[in-house]
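Below: one structure, written as structure tokens.
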Amino acid sequence: MKSTHHILVTRPLTKEQVQFAEELNLSVTVEPAIEIRYREVWDELNTLFKKHQNVLFAFTSQSGVEAFRRFIETSGNLSSLNGQHAYAVGEKTAEALVRIGFVPIVPDQHDGTGLAKKIRDDFSVNPDSVNPTVLHFCGDKRRDEFRQFLEGSGIEVRDVVVYKTILKSMNLDLSGIEAVLFYSPSAVHAFRNSGGFRAGSLPELFAIGPTTGQELSIESGKHVHISPEANTKTFLSYVSQILAERLDD
């Protein structure tokens, strides 16, 4: 009989995801690290669309897509966006874009820098054309790599803050926990603020992608396992594999 591994996940999982974890012999404890609060007043975004007729949409999180969906519902006049291309980081962000009518373009490198490189490379194919303004729908705790890379490439970009990330005070009990899973740099910060990195011997640390992994490595000083793909099913499978291999050593 295979051993059950106890893991702490720093964001809510769906029932299906928890069931999948159980099939992988993972016992899940969920302790959310962050809370997302979406913008409710959209006057600034309406003004932005009037000012910039030639725009390109970029999303580096599912929360950015969800905020934009709420804007569409509120404004009710963006049917022309159906079928339009938008740039996205990660499979789940792309799937969220499909649900609101966009055709996503996803880079091979699953982070903000990879997205910026993809946009730059696509722009370079038609150097004589008038480049659109890139509208980056993001949160208040966004990282700067995406904007800085595009500006350094001579491409105009606007960070459009459509949600706030609230760091929660986490109730951390790591006794018996073999792995902690992080989905964002903000989750790493909430874990730090809640004393997680002062708990003595830390469990194995896992990150959904390289940006989160980098932040986690800096804060913990430990090796960080990074999921091969930025989706929960692959993430959980990877965690199960690493923990099983560690048990065999």
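The values are calculated or read from the model by the stated rules, or taken from the named source; none is laboratory data. No experiment lies behind these values; they were computed from the predicted model shown. Please note: Cβ atoms are built from the backbone with ideal geometry, for glycine as well, and neighbour counts cover all protein chains shown.
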Under 9 Å by Cβ, and 6 or more places apart or on different chains, what pairs join a residue from region 41-60 that is assigned to a helix (DSSP H, G or I) with one that is charged (D, E, K, R)? LEU45/ARG39; LEU48/ARG158
Could you say which residue among LEU205, LEU236 is surrounded by 15 or more Cβ atoms within 10 Å (Cβ to Cβ), at pLDDT 95 or above, under 27 Å from VAL106 (Cβ atoms) and touching a Lys or Arg at 6+ places or on another chain (Cβ under 8 Å)? LEU205
Hey, could you check region 72-102 for residues that are at pLDDT 90 or above and in a helix (DSSP H, G or I) and say which is surrounded by the most Cβ atoms within 10 Å (Cβ to Cβ)? LEU97
Among the acidic types (Asp, Glu), over 20 Å from the mean Cα position of the chain (by Cα) and modelled with pLDDT of 95 or more - does that describe any residue in region 22-31? yes
Is it fair to say ARG246 is over 15 Å from the mean Cα position of the chain (by Cα), surrounded by fewer than 15 Cβ atoms within 10 Å (Cβ to Cβ) and under 30 Å from LYS2 (Cα atoms)? yes
Region 4-38: number of residues that are surrounded by fewer than 19 Cβ atoms within 10 Å (Cβ to Cβ), in contact (Cβ under 8 Å) with a residue 60 or more places away in the chain and of a type outside the set (A, V, I, L, M): 10
Wholly within region 122-210, which strands (runs of 3 or more DSSP E) include no fewer than the required count, namely at least 2 residues that are farther than 27 Å from LEU13 by Cβ? 133-139, 157-167
